[in-house]
């Protein structure tokens, strides 16, 4: 398994881990395809996170620009050992990520939810609309800089 | 333990419809030009949607050709709220997500915090959690069985008798939990590190009595339902979900196991005390409404067996591995990222936690994503409904047993 992933990403076999590995955005779809054909066919979840800009300070040794992170979790349904595989993709502001709907039908609503709440765009998604919030909502509520008391239009 | 649908004398059963995958993005202009289509709006305030869920149905005669689901009417922003609360304050909030099985919700979220903070739960704490989770699973599946019959409705005497029986049995379990934690629904009895309330003297004995009463009634329910020709006619070969589609949609749990996805995190990725138990997982291959019902019945029997076994030898020792959470900010996690999934009554209930990090606080999550099994279950709607009659839509929705509180969060 790890031997097949390493050449795809161009890294050492020892550096492949099944949790928390960061993958370039253009390898995201290829990695998901490889995992699906290797038996990781159970789609678990997609998690988008917004990271605000951090200036260099005593607590933050390296300045961090504003960016997004999309983590994907897949599972291999093996009797006796349900292995999971999770990887992360770092995105700049406005950068899209490939949608996995063509591989996993269940990615449809999950990606719509993350687009709705966090504001990450999924390229090649067949039906990218808001899922939870009303269609005319402004902003993406789960961003870190979206205050809870942001004024909004009353419910339709 | 492979199960198969019991053969019912006098019922020949319907011919199995070929498994095809409907197109959820069907463009109606491509459909027959002279067809007289009707758009029917089901919900959001419809009693059969188990909460507030809206489905837009496109009908050709009485046959559904397209179904579009619209969740979000119960969206309360739980994930946003969790970013503003300390770790010990989150437990009572997640209780309200899956309000049919709150005990498993609060255990799942606390397991994620424990994994990130590196806190170990003592054996007695884990044992009690296992016991409570299994009893909660019985209560949750009873509700699923009862509401499913209510959805099928008139054919079996309104379905109300099974509904009432299920609620009567569940009430005994709620009484047990009330004795333990003081609350009927939203227990708040798990905390980071273990349990807040210890079981009292004689509680196990009462639990065994209650479980024995329920166990003795299960065959009666089974006879009432799965041997009833009308019930079989409404459920067998209706809403067939193939194994491939179940995997793609991310369905473990009773729905996936009714379609042949042989995965159960209690057996395959043991947490709590499940590695000390022999969990037998019922799996069926039919994938229709009836299989989903029968898998739930088999799981109730299995959970009762496990819970009785757990009542036997509760180990001695402490129940919490961390300092008592008296102040709101006693739990601190500097940085960390974990995904923890547990087997809820509806499938894999997961929590993805990003703690601390630049810009975050050590006392609050930076991001907490809840992976609700019901949201994945409802994604079946565009695939299962097309090709069926309108009356079957309600039965299929009932067999998925969604809880809208965790779908919308």
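Structure values in brief
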| item | result |
| --- | --- |
| Residue list for the range B:249-307, restricted to those being without any contact (Cβ under 8 Å) to a residue 40 or more places away in the chain, surrounded by 24 or more Cβ atoms within 10 Å (Cβ to Cβ) and within 21 Å of residue B:142 (Cβ to Cβ) | B:257, B:258 |
| Single residue of B:347, B:317, B:356, B:341 found to be touching a strand residue (DSSP E or B) at 6+ places or on another chain (Cβ under 9 Å) and at positive phi | B:356 |
| Residues (facing chain A (nearest Cβ under 10 Å) and touching a helix residue (DSSP H, G or I) at 6+ places or on another chain (Cβ under 9 Å)) located in the range B:355-376 | B:367, B:368, B:369, B:370, B:371, B:372, B:375, B:376 |
| Any pair with Cβ under 8 angstrom, 6 or more apart, that starts in the range B:322-351 at a residue that is over 16 Å from residue A:46 (Cβ atoms) and at the interface with chain A (Cβ under 10 Å from one of its Cβ atoms) and ends at one that is modelled with pLDDT under 80 and assigned to a loop (DSSP other than H, G, I, E, B) | none |
| Residue in the range B:135-148 that is in contact with a strand residue (DSSP E or B) (Cβ under 9 Å, 6 or more places away or on another chain), farther than 27 Å from residue B:364 by Cα and modelled with pLDDT of 90 or more present | yes |
| Condition check for residue B:177: on the phi < 0 side of the Ramachandran plot and modelled with pLDDT under 85 | no |
| Any hit, the range B:185-204, residues being part of a helix (DSSP H, G or I), touching a helix residue (DSSP H, G or I) at 6+ places or on another chain (Cβ under 9 Å), surrounded by fewer than 24 Cβ atoms within 10 Å (Cβ to Cβ) and away from chain A (no Cβ under 14 Å) | yes |
| Residue that is surrounded by the fewest Cβ atoms within 10 Å (Cβ to Cβ) [pool: residues in the range A:1-38 that are at the interface with chain B (Cβ under 10 Å from one of its Cβ atoms) and within 22 Å of residue B:356 (Cα to Cα)] | A:20 |
| For residue B:262: the one exception among (1) out of contact with any strand residue (DSSP E or B) (no Cβ under 6 Å at 6 or more places or on another chain); (2) more than 17 Å from residue B:374 (Cα to Cα) | (1) |
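The values are calculated or read from the model by the stated rules, or taken from the named source; none is laboratory data. Keep in mind it's a predicted model, so treat the numbers as computed, not measured. Note that each Cβ is placed from the backbone with ideal geometry, even for glycine, and that neighbours are counted across all protein chains shown.
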